[in-house]
Amino acid sequence: MKKTQKFIAMEDKFGAHNYHPLDLVITKAEGIWVEDVEGNRYMDCLAAYSAVNQGHCHPRLLKVFRRQAAKVTLTSRAFRNDQLPGFYKTLTEMTGYQRALPMNSGAEAVETAIKAARKWGYKVKGIKKDKAEIIVCANNFHGRTTTIVGFSTEDQYKDGFGPFTPGFTVIPFGDTKALEAAITPNTCAFMVEPIQGEAGIIIPPKGFLKKAADLCKKNNVLLICDEIQSGLGRTGKMFAHEWEGVRPDGLIVGKALSGGFYPVSAFLADDEVMSVFNPGDHGSTFGGNPLGCAVANEALKVIVEEKLVENSLKQGTYFMDRLGKVKAKSIKTVRGTGLWIGLVLDRPARPYCEALMAEGMLCKETHETVIRIAPPLTIKKKDVDWAMKKIEKVFKALG
Ligand SMILES: *Cc1c(COP(=O)(O)O)cnc(C)c1O
């Protein structure tokens, strides 16, 4: 443990304390496995909050990344580069939108969606200056910028960071009556996660998104889905909104978009919305850079060609079925779709995550009492069986 303690002491001494990580220090990773500085191996059941759906250091991504890094990494959008067009083409063809706007972090893509929705509200819908409203849901997670935390309902995310951006209305997640009541002539968008990840993998009542889409259409309001975590195969469909057969007017993607190699995010929409942006309206120095585009283009192809969406559904269904059979007093329920599973306990989940870590399995609690299980989508049945042995052992010991 000497090496581990040394790294932890250094990190805690010089870094801001804005995280509370499990105390292992990872030094390398491959596929669903990571290795710490002591040489211990762990199955990664968090997958960097679904940013490594393709598995760690995927060989195809590594190859493209290396090749592109040796050619050109950053041009800024002041000049064109030869990787952006191909990425646009793959991303828009795969999602069925006419246009994409590339950013880096998820929060930036959410900010892009907010800007697009507001500007569409003014220029297309005809909302009066500075009156645009966006409806969001309680327990949302859309990122950490000041505007975004301003409409969070999590006290800690906001505490000490105000004043906040006005123009957001919060409704209960899954409540279409509340949505209908919240829509005003000034509403430009309803922004929602089809399944709430950070809130604890909360699946809304069946039909919620469909009804929400109908209400949006009827009232000339944009439906924007934040699929940064739920998208790209995590739930057993390419996008979680497909479970309800809806097509959002705007789609936000990030995380697995680059398979963990480089921050790449995007906002997707059709011409009617995207054409509100003119040169100079919005941008990012690194957004659309050739290194990010090259790796993201390949990352999307890996998801399709390796049938990761199908595997997510297959292994996720099997995993959830097995978890449902674990007998333990502490387990209240098991919920999820695809390889996005929440094991809901009646007590703090952290000790269970620590016990699982000691058994070689990495999970992270969310909202105190939920163990989130979300491994890379490359996981195989024999790996799920391995994980189940560890889980059964831990629940037998801790109850
Ligand atoms: C992670 C996440 C974000 C923020 O992404 P960052 O890359 O951390 O800025 C936004 N929305 C959802 C649904 C997320 O899961």
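Just a few scattered comments:
- In segment 1-56, of all residues being assigned to a helix (DSSP H, G or I) and hydrophobic (A, V, I, L, M, F, W, C), the one that is surrounded by the fewest Cβ atoms within 10 Å (Cβ to Cβ) corresponds to PHE14.
- Those residues of segment 185-196 which are part of a loop (DSSP other than H, G, I, E, B) and under 18 Å from the mean Cα position of the chain (by Cα), in sequence order: GLU193, PRO194, ILE195
- Top-ranked residue in segment 207-233 [being in a loop (DSSP other than H, G, I, E, B) and surrounded by fewer than 23 Cβ atoms within 10 Å (Cβ to Cβ); ranked as nearest to the chain's Cα centre (by Cα)]: GLY207
- Comparison of GLY162, GLY236 shows that the only residue that is more than 15 Å from the ligand (Cβ to nearest atom), of a type in the set (Gly, Ala, Ser) and open to solvent by 40 Å² or more (accessible area, probe 1.4 Å) is GLY162.
- Count of segment 104-145 residues which are of a type in the set (Val, Ile, Thr), open to solvent by 10 Å² or more (accessible area, probe 1.4 Å) and away from the ligand (no atom under 13 Å from the Cβ): 2
- Residues of segment 175-202 that turn out to be touching a helix residue (DSSP H, G or I) at 6+ places or on another chain (Cβ under 9 Å) and within 16 Å of the ligand (Cβ to nearest atom), as a count: 9
The values are calculated or read from the model by the stated rules, or taken from the named source; none is laboratory data. Worth saying up front: this structure is predicted, and the values here are computed from it rather than measured. Cβ: placed from backbone, ideal geometry, glycine included. Neighbour counts: every protein chain shown. Remember, those area values only see protein heavy atoms, side chains included, never the ligands or the DNA or RNA. Shrake-Rupley method; radii C 1.70, N 1.55, O 1.52, S 1.80 Å.
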